[in-house]
Amino acid sequence: QVQLVESGGGLVQPGESLRLSCAASGSIFRIYSMGWYRQAPGKQREAVANIIHSGNTNLADSVKGRFTISRDNAKNMVYLQMNSLKPEDTAVYYCNVNVYHTWGGSLSEYWGQGTQVTVSS
């Protein structure tokens, strides 16, 4: 099993910044990918950003140029730096990881509990 602890959410005004963090712990041989999804009220969960072990990243078009994802492989942590926040970024943000529990094993997916981000004046 893998535990994910998210932090950094909160209430900010449009144009401000937030940094989300997610720490993974537990039975981890290697983390293949780490990322963030979000779900706004009445909407489906959507992918925001992800980063694989090599450092390659993918970001949703809606956040390109404003959000940056990074990871610390030694600490099993992933970060989402969110700048120039907009009201439409308001959502619960979920950390997502895909891990190998053993060498040669299959990937297992885990989700965090979510952290609320509210952008409002």
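The values are calculated or read from the model by the stated rules, or taken from the named source; none is laboratory data. Predicted model, so just to flag it, every value in this text is computed and none were measured. Every residue, glycine as well, gets a Cβ built from its backbone with ideal geometry; the counts of neighbours run over all protein chains shown. The accessibility values were calculated without ligands, DNA or RNA, using every heavy atom of the protein model including side chains. Shrake-Rupley method; radii C 1.70, N 1.55, O 1.52, S 1.80 Å.
Tabulated data for the structure shown
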item: Selection within the stretch 103-119 - open to solvent by less than 60 Å² (accessible area, probe 1.4 Å) and either assigned to a loop (DSSP other than H, G, I, E, B) or closer than 18 Å to ALA24 by Cα (or both); result: GLY105, SER108, TYR110, GLY112, GLY114, THR115
item: Residues of the stretch 103-112 satisfying the condition of being closer than 17 Å to ALA47 by Cα and free of Cβ contacts under 8 Å to residues at least 60 places away in the same chain; result: GLU109
item: Matching option when the condition is surrounded by 14 or more Cβ atoms within 10 Å (Cβ to Cβ), farther than 19 Å from SER27 by Cβ and in contact (Cβ under 8 Å) with a residue 12 or more places away in the chain, among TYR100, TYR94; result: TYR94
item: Answer residue from the stretch 1-29, given it is open to solvent by less than 40 Å² (accessible area, probe 1.4 Å) and touching a Gly at 6+ places or on another chain (Cβ under 8 Å) and is farthest from VAL63 (Cα to Cα) among those; result: VAL2
item: Selected residue [β-branched (Val, Ile, Thr), in contact with a strand residue (DSSP E or B) (Cβ under 8 Å, 6 or more places away or on another chain), under 15 Å from GLY114 (Cβ atoms) and in contact (Cβ under 8 Å) with a residue 40 or more places away in the chain] from VAL48, VAL12; result: VAL48
item: Given (1) within 12 Å of the chain's Cα centre (by Cα); (2) modelled with pLDDT under 95, index of the condition TYR94 fails; result: (2)
item: Scope the stretch 66-83; condition in contact with a Leu (Cβ under 6 Å, 6 or more places away or on another chain) and touching a residue at least 60 places away in the same chain (Cβ under 8 Å); matching residues; result: LEU80, MET82
item: Some residue of the stretch 36-47 being of a type outside the set (A, V, I, L, M, F, W, C), crowded, with 20+ Cβ neighbours inside 10 Å and under 11 Å from the mean Cα position of the chain (by Cα); result: yes
item: Whichever residue in the stretch 48-83 is assigned to a loop (DSSP other than H, G, I, E, B) and in contact with a Phe, Trp or Tyr (Cβ under 9 Å, 6 or more places away or on another chain) and, among such residues, is most open to solvent (accessible area, probe 1.4 Å); result: HIS53
